[in-house]
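A short worksheet on the structure shown next.
Quick note: the coordinates plus some simple rules give every number you see, no bench work behind them. Please read all numbers here as calculations on a predicted model, not as lab measurements. Please note: Cβ atoms are built from the backbone with ideal geometry, for glycine as well, and neighbour counts cover all protein chains shown.
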């Protein structure tokens, strides 16, 4: 199989490594663990290649033991102060991050419920219209009087415009559903199977949209004498491809 390198593949091959490098750089200079790793790397470099080598841990302890009591007390107090500040800062930062993550999860949960509920409600309304329409058409027989046929088809005929509006609203609702991935991507990435579940739900609704695309709601002027014949002359694609 021959691989064709398009401009999109080349651009992706350049951008993805750059994004990884930028992310690693931000982690090194923007997090405590990254700062610790940089400090250890600098210590290792100075220990191996530096003109003035830093103390080893045993040498540092020897130096501390040789200092006067006042120096030891000052160094120990400074270290305890720095350690206490680091613990307090880390605790506050972790608590704030957890609280914000919880708020984002609740917000994402509400957004998922609201947007999918809207899409499902529209699908239910469309399904109800098609159920009534198919039932009315199946109830009609060739020897049925014209006025009886008209009575069977009157309700479906009056909802033709509403069906078109509902289908347009469903397309708009699905655009809001697709935006969920962009709006809450950091939240979904930390919760197992959320993205897969959303994609499965989107695929189900997308299948319904594809089935609805060729359907044109039949309509005729009910005041005319040949109303039923005009209404029934339409071709109904859902006879051969039923919507479920």
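Give me the percent relative contact order of the chain, please, defined on Cα pairs under 8 angstrom at least 6 residues apart.
Details: 108 pairs, mean separation 38.3, N = 244.
That works out to 16 percent.
Please report Rg (one decimal) and Dmax (integer) in Å for the Cα set of the stretch 103-239.
For the stretch 103-239, the Cα-based Rg and Dmax read 19.8, 64 Å.
Which angle from 0 to 90°, rounded to the nearest 10, does the C-alpha axis of helix 57-66 make with the longest principal axis of the chain?
The helix 57-66 is inclined about 50 degrees to the chain.
Which angle between 0 and 90 degrees, to the nearest 10, do you get for helix 146-158 versus the longest principal axis of the chain when only C-alpha atoms count?
Helix 146-158 sits at roughly 20 degrees to that axis.
Please arrange 152, 49 by counting, for each residue, the other beta carbons lying within 10 Å of its beta carbon, fewest first. The partial results should precede the final answer.
Values: 152 19, 49 8.
Fewest-to-most ranking of 152, 49: 49, 152.
Could you please state, rounded to a whole Å, how far the C-alpha centre of the stretch 152-229 is from the C-alpha centre of the stretch 53-97?
Taking the Cα centre of each part, the stretch 152-229 and the stretch 53-97 sit 64 Å apart.
Between residue 226 and residue 168, how high is the FRET efficiency from 1/(1 + (r/R0)^6) when r is the Cβ-Cβ distance and R₀ = 22 Å? Nearest 0.05. Intermediate results must be reported in sequence, preceding the final value.
On the way: r = 30 Å, r/R0 = 1.36.
For residue 226 and residue 168, the calculated efficiency is 0.15.
Over the stretch 93-167, calculate the relative contact order: mean separation of alpha carbon pairs under 8 Å at least 6 apart, over the residue count, as a percent. It would help to have the intermediate numbers written out before the result.
On the way: 20 pairs, mean separation 26.2, N = 75.
This gives 35 percent for the stretch 93-167.
Grab the beta carbon distance between residue 48 and residue 181, set R0 = 51 Å, and tell me the FRET efficiency rounded to 0.05. Working shown, then result.
Values: r = 47 Å, r/R0 = 0.92.
Working from the Cβ atoms, E equals 0.60.
If neighbour count is taken as other Cβ atoms inside 10 Å, put 117, 195 in order from fewest to most.
In order of increasing Cβ crowding within 10 Å: 117, 195.
Taking only Cα atoms, what is the 0 to 90° angle, nearest 10, from helix 160-183's long axis to the longest principal axis of the chain?
In the chain, helix 160-183 runs at an angle near 10 degrees to the longest axis.
For the chain, what are Rg and Dmax over the alpha carbons, in angstrom?
So, for the chain, Rg and Dmax equal 34.5, 115 Å respectively.
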